[in-house]
Amino acid sequence: MKISPQLTRRGALSALGIGSIAATAAACGSGSGSASDSGGGSDAGALFVVGTMVTATNQFAKNFNRYGGGDTAPGLDLVYEPLFRLSSKDGGQLLPMLAESADHSEDGKEVTYHLRKDVTWSDGEPFTAKDVLFTLGSIYGTPNPEPAEDEFVWLSAPIETPDDHTVTVKYNDDQRQQEVNLALYYPIVPSHIYQDGDKLEFPQDIMDDPIGTGPASLKSFDTQLVTYAMRDDYWGGGSDVGEVQFVPSGQAGNIETQISQGNVDFAEGGAPGVVEGFVGMAETNHYSWIADGASEGIAFMTARPDSPMADANVRKAFRAAIDYTAVMEASGIAYTLPNAAGVDPVLNKSLQQPEFNEPMALDTDAATKALEASDWSVNAAGNLEKDGKEHPLSLQIQNDNATFMVTMPIVVSTWEKNLGVTVTFDPKPKDVMDTILSTGEFDVVATGLGYPGSPWSNYTMYDQPILPIEEETANGNWGRWAWGDEAEEKMQILVSTLNTPETQDQIAEGVQGVQQAFLEQAPHAPVQGGGTGIMYTEINWTGFPGPADVDYFPRVGGMGNMTQLLMAIKPA
């Protein structure tokens with residue numbers, strides 16, 4: 001006789017001590033009604049268990065308010081949904097979710113959303129334009145068509161809802177790229193639950209019983225176990241998953257063992273060594289890196305005339321002299337290598353020039369030639385020297401970055417091996433690093449280089465006024481590197497063009513112009529692609545998609561991602 005995997009694994013979770021009161025929570029709950037109370041899924045559906053991070057107190061926060069600040073409960077992206085989600089292909093195209101389409105004016109100051117008509121909230125109420133009005137009105141605040149010069153006001157007029165499935169928003173400035181932010185960070189919440197009279201303002205109290213349009217409803221909450229029931233009336237279709245449980249992931253070794261035994265199905269993360277250690281524990285174990293378009297690496301200080309890094313040829317030499325593959329392998333987390341513009345090569349493949357479809361790679365000949373073409377030479381002490389004056393270099397990093405602590409000493413060693421330059425490895429605490437990054441008091445520093453998402457968000461941090469070196473700026477090179485008039489012109493294409501299938505030629509022109517500036521001027525050396533590792537087992541579930549095969553990011557975080565994942569997997 002085959003024993004129900006749901007019952008077996010519930011008992012196993014309790015026995016492992018994942019939650020001291022996990023069995024009690026599963027039986028009676030403390031957060032909301034049963035699945036049937038909130039339109040939940042079938043009791044016969046199989047259980048999918050996710051390991052996830054908890055707060056510093058080692059407990060899940062009973063906070064389901066996406067807009068209230070602080071730590072929130074896990075699984076909110078299964079409850080709340082945005083108007084659009086970001087694709088993992090074609091430069092992060094916007095794909096419909098609660099909105100079927102959006103019409104923008106030529107100046108980008110007005111947008112009309114056409115909403116889906118087949119969506120209901122998990123309590124059975126219909127989703128309408130009133131919900132979008134309440135959510136966006138709460139985000140944007142009071143309209144003002146004539147704000148003061150030093151005042152930032154989103155709206156030029158009140159949001160309009162001519163019918164139940166149409167919403168028109170009028171801005172004071174071109175806000176086409178606000179669609180990217182809405183897709184990444186701002187889901188729609190139900191006005192019939194949270195609106196108080198005519199006020200457009202999110203409630204500040206904790207939402208104990210979240211009502212959403214997503215595929216799941218909260219079934220029970222405990223500080224060590226949160227359970228969601230999949231809805232059988234979800235507008236996006238059905239899933240073979242019946243319930244999703246979130247349990248604390250604990251230390252890296254702990255979660256890897258739980259996954260290997262089949263007691264946890266899926267988790268984000270992976271400590272250095274996960275590729276060989278975790279994957280080698282069981283044939284059913286798998287690990288993938290989900291790139292998101294961001295990157296980390298070495299920022300060069302381009303703005304200090306006395307620094308060697310003010311010389312573009314020195315920057316090119318240091319960028320070309322890194323053994324990127326060796327650094328990636330040493331990390332043990334198998335991240336993807338970005339291209340010379342600091343973006344995962346696959347995400348923008350349909351938009352960029354062929355040379356940017358390749359990841360960063362060691363090129364010792366190019367490194368040697370670039371250094372020879374510069375005004376600097378390497379002296380007997382291994383320091384760069386110009387006009388008889390040497391300039392010792394140090395690479396500063398934040399000392400609580402576990403991956404950097406492993407990888408950056410290798411970067412330093414490859415500079416010495418391939419250029420003959422001695423660079424001191426210099427870890428610093430966070431508060432010190434914050435000051436270093438904002439003041440620009442460095443030659444080379446390891447830090448974040450770009451944001452995730454669309455081409456606009458990848459490069460938007462460089463699209464700002466260039467400040468004098470004595471003034472503080474946001475981070476690293478942002479506000480220090482002047483990429484030139486041509487790149488600025490191309491960036492404005494990305495700023496003023498919404499990324500849809502109809503605008504691919506325009507987006508490609510902007511992407512290629514901006515990327516060329518990074519290639520030619522080498523403001524940084526992108527060492528590590530941004531994203532997250534995912535660990536999973538096929539003991540209980542199969543059909544986990546490869547990142548290259550789908551138009552979403554198959555991970556826990558990010559709105560719409562886990563929803564798509566749950567629709568894809570099948571019981572083993």
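The values are calculated or read from the model by the stated rules, or taken from the named source; none is laboratory data. Quick caveat, the model's predicted, so the values are computed rather than measured. Positions of Cβ are backbone-derived with ideal geometry, glycine not excepted, and every protein chain shown enters the neighbour counts. Accessible surface areas use protein heavy atoms only, side chains included; no ligands, DNA or RNA. Shrake-Rupley method; radii C 1.70, N 1.55, O 1.52, S 1.80 Å.
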key: Residue within the range 315-334 that is under 25 Å from the mean Cα position of the chain (by Cα), polar (S, T, N, Q), open to solvent by 40 Å² or more (accessible area, probe 1.4 Å) and within 27 Å of THR460 (Cβ to Cβ) present   = no
inquiry  = If a residue must be at pLDDT 85 or above and not in a loop (DSSP other than H, G, I, E, B), how many such residues does the range 201-253 contain?
reply    = 22
ask   = If you scan the range 259-285, which residues turn out to be free of Cβ contacts under 8 Å to residues at least 60 places away in the same chain and in a helix (DSSP H, G or I)?
value = VAL275, GLU276, GLY277, VAL279, GLY280, MET281
task = Hey, could you check the range 360-385 for residues that are in contact (Cβ under 8 Å) with a residue 60 or more places away in the chain and surrounded by 16 or more Cβ atoms within 10 Å (Cβ to Cβ) and say which is nearest to LEU337 (Cα to Cα)?
result = MET360
Selection within the range 44-60 - among the hydrophobic types (A, V, I, L, M, F, W, C), open to solvent by less than 20 Å² (accessible area, probe 1.4 Å) and part of a loop (DSSP other than H, G, I, E, B) = PHE60
task = Filter the helices (runs of 4 or more DSSP H) completely within the range 429-522 down to those with at least 1 residues that are among the polar types (S, T, N, Q) and crowded, with 22+ Cβ neighbours inside 10 Å.
result = 455-459, 504-521
request  = Six or more apart or on different chains, Cβ under 8 Å: which pairs go from a residue in the range 415-430 that's farther than 10 Å from GLN396 by Cα to one that's surrounded by fewer than 13 Cβ atoms within 10 Å (Cβ to Cβ) and among the small types (Gly, Ala, Ser)? Could you list them?
outcome  = THR422/ALA381
message = Name the single residue that is surrounded by the fewest Cβ atoms within 10 Å (Cβ to Cβ) among those in the range 523-542 being in a strand (DSSP E or B) and of a type in the set (A, V, I, L, M).
response = ILE534
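So that you can scan it fast, the table gives a plain yes or no per residue for (1) in a helix (DSSP H, G or I); (2) closer than 19 Å to PRO455 by Cα:
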{"site": "VAL314", "(1), (2)": "yes, no"}
{"site": "ILE322", "(1), (2)": "no, no"}
{"site": "LEU337", "(1), (2)": "no, yes"}
{"site": "ALA341", "(1), (2)": "no, yes"}
{"site": "LYS349", "(1), (2)": "no, yes"}
Cross-chain or 6+ apart pairs with Cβ under 7 Å, the range 490-514 first and touching a residue at least 12 places away in the same chain (Cβ under 8 Å) and of a type in the set (Ser, Thr, Tyr), then open to solvent by 40 Å² or more (accessible area, probe 1.4 Å) and in a helix (DSSP H, G or I) = THR497/GLN506
request  = Give the residues of the range 543-552 that are in contact (Cβ under 8 Å) with a residue 12 or more places away in the chain and open to solvent by 30 Å² or more (accessible area, probe 1.4 Å), sorted by residue number.
outcome  = GLY543, PRO547, ALA548, ASP551
request  = Answer yes or no: is there a residue in the range 400-419 that is in contact with a Lys or Arg (Cβ under 7 Å, 6 or more places away or on another chain), closer than 25 Å to GLY529 by Cα, at pLDDT below 95 and not small (Gly, Ala, Ser).
outcome  = yes
query = Taking the range 56-86 as the region of interest, how many residues are more than 15 Å from PHE221 (Cβ to Cβ) and touching a strand residue (DSSP E or B) at 6+ places or on another chain (Cβ under 8 Å)?
reply = 8
query = For the range 407-426, which residues satisfy the criterion of being of a type in the set (Val, Ile, Thr) and part of a helix (DSSP H, G or I)?
reply = THR407, ILE410, VAL411, VAL412, THR414
request  = Take the range 509-543 and flag every residue that is at pLDDT 95 or above, among the β-branched types (Val, Ile, Thr) and under 22 Å from the mean Cα position of the chain (by Cα).
outcome  = VAL511, VAL514, VAL527
ask   = Quick check: is even one residue across the range 286-305 among the aliphatic types (A, V, I, L, M), open to solvent by 20 Å² or more (accessible area, probe 1.4 Å), modelled with pLDDT of 90 or more and not in a helix (DSSP H, G or I)?
value = yes
query = Just one of the numbered conditions (1) in contact with a strand residue (DSSP E or B) (Cβ under 6 Å, 6 or more places away or on another chain); (2) over 22 Å from GLU358 (Cα atoms); (3) hydrophobic (A, V, I, L, M, F, W, C) is not true of ILE290; which one?
reply = (2)
request  = Give the number of residues within the range 175-200 that are within 21 Å of ASP292 (Cβ to Cβ), open to solvent by 60 Å² or more (accessible area, probe 1.4 Å) and assigned to a helix (DSSP H, G or I).
outcome  = 1
